[in-house]
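Following: one structure in structure tokens, then a few remarks.
The values are calculated or read from the model by the stated rules, or taken from the named source; none is laboratory data. Here the structure is a predicted model, which is why all the values come from computation and not from measurement. Every residue, glycine among them, receives a Cβ derived from its backbone with ideal geometry; neighbour counts consider all protein chains shown.
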Amino acid sequence: DIKGFAFDLDGVIADTARFHGQAWHQTADEVGTTWTEELAESLKGISRMDSLQLILDHGDHADSFSEKDKELLATKKNLNYQKLIETLTPEDILPGMLEFIRSADDNGYKMSIASASKNAPLILKQLGLTEYFVGIVDPATLHAGKPDPEIFVRAAEVLGLAPTAVIGLEDSSAGIDSINGAGQVSLGIGDDKVLSKATLNFKQTSLVTLENIKNKMTN
Ligand code: B16
Ligand code: MG
């Protein structure tokens with residue numbers, strides 16, 4: 001029996017990717033890397049330092065940046081990004097997700113956050129959603145990021161539930177691998193070719209309802 005949900009944040013609850021994109025675009029200009037949509041796409045779900053490394057690797061001078069330079073670039077990006085997410089309001093919750101979170105809460109399901117973002121607490125506060133979640137996994141305490149199962153294993157521990165009683169929601173294929181590895185039911189939101197390993201698939205957030213989930217699980 002399902003008793004809880006573990007949510008990814010970016011791409012599931014809000015579209016913060018566009019703000020990451022804006023802030024990383026500035027970094028790319030600064031280090032001489034050409035900014036492309038493909039590069040922006042490849043940064044989704046990847047940690048801050050891994051994202052920076054990808055941007056440097058796409059330029060011609062990746063070797064000329066010391067660890068100290070990288071720390072400074074990442075800090076600067078994050079300050080720019082935080083300015084952008086301070087403009088978020090509850091209006092920015094992806095279609096249907098506020099309704100879904102409320103109905104899950106009303107029906108006694110417990111919810112936690114499994115996001116690679118160290119800014120998740122700030123984002124949830126801006127969106128007015130903090131109170132719905134019993135906990136947020138702190139990505140700074142993880143040994144490995146998605147696709148490693150660790151973050152979703154921890155998200156179920158936060159809920160105090162067995163993995164089989166939890167549905168993990170994700171928009172990235174690395175995230176689906178993490179949920180499956182953690183032994184949970186994986187719910188993919190997006191293209192079912194990209195998220196082919198998800199147990200359940202929904203094309204968009206507005207289709208995620210308790211009723212639709214129950215129907216898909218009994219099929
Ligand atoms: P931060 P998710 C991820 O969020 C983003 O998709 C990814 O682009 C970002 O680099 C990562 O969080 C870390 O974010 O710099 O705020 O710590 O999809 O795991 O919710
Ligand atoms: Mg995501």
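Brief remarks follow.
- Counting residues in region 75-94 that are touching a helix residue (DSSP H, G or I) at 6+ places or on another chain (Cβ under 8 Å), over 14 Å from Thr16 (Cα atoms) and not basic (Lys, Arg) gives zero.
- Taken over region 168-219, the residue count meeting the criterion of being charged (D, E, K, R) and assigned to a strand (DSSP E or B) is 1.
- In region 120-134, residue farthest from ligand 1 (Cβ to nearest atom) [restricted to those that are surrounded by fewer than 20 Cβ atoms within 10 Å (Cβ to Cβ) and within 15 Å of the chain's Cα centre (by Cα)]: Pro121
- Filter pass, Asp29 being closer than 22 Å to Thr87 by Cβ and in contact with a Phe, Trp or Tyr (Cβ under 8 Å, 6 or more places away or on another chain): yes
Yes/no per residue for (1) closer than 16 Å to Gly11 by Cα; (2) at pLDDT 95 or above; (3) hydrophobic (A, V, I, L, M, F, W, C):
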residue: Glu157; (1), (2), (3): no, yes, no
residue: Pro163; (1), (2), (3): no, yes, no
residue: Ile176; (1), (2), (3): yes, yes, yes
residue: Ile179; (1), (2), (3): yes, yes, yes
residue: Val185; (1), (2), (3): no, yes, yes
residue: Ile189; (1), (2), (3): yes, yes, yes
residue: Leu200; (1), (2), (3): no, yes, yes
residue: Leu210; (1), (2), (3): no, yes, yes
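- Hits in region 53-67 - residues which are crowded, with 18+ Cβ neighbours inside 10 Å and under 25 Å from Leu142 (Cβ atoms): Ile55, Leu56
- Tallying residues that are without any contact (Cβ under 8 Å) to a residue 24 or more places away in the chain, in a helix (DSSP H, G or I) and not aliphatic (A, V, I, L, M) within region 1-46 yields 8.
- Tally, over region 78-98, of residues that are of a type in the set (A, V, I, L, M, F, W, C) and assigned to a helix (DSSP H, G or I): 5
- Test: residue in region 62-77 that is at pLDDT below 95, over 19 Å from the mean Cα position of the chain (by Cα), in a helix (DSSP H, G or I) and not acidic (Asp, Glu): yes
- When Ala62, Ala114, Ala23 are checked against the criterion of being small (Gly, Ala, Ser) and within 16 Å of ligand 2 (Cβ to nearest atom), Ala114 stands alone in meeting it.
- Hey, Asp50 at pLDDT below 95, under 23 Å from Asp138 (Cα atoms), part of a helix (DSSP H, G or I) and among the acidic types (Asp, Glu) or not: yes
- The number of residues in region 117-130 being more than 16 Å from ligand 2 (Cβ to nearest atom) and part of a helix (DSSP H, G or I) comes to 5.
- When Ile101 is tested against the conditions (1) of a type outside the set (S, T, N, Q); (2) assigned to a helix (DSSP H, G or I); (3) within 12 Å of ligand 1 (Cβ to nearest atom), the lone failure is (3).
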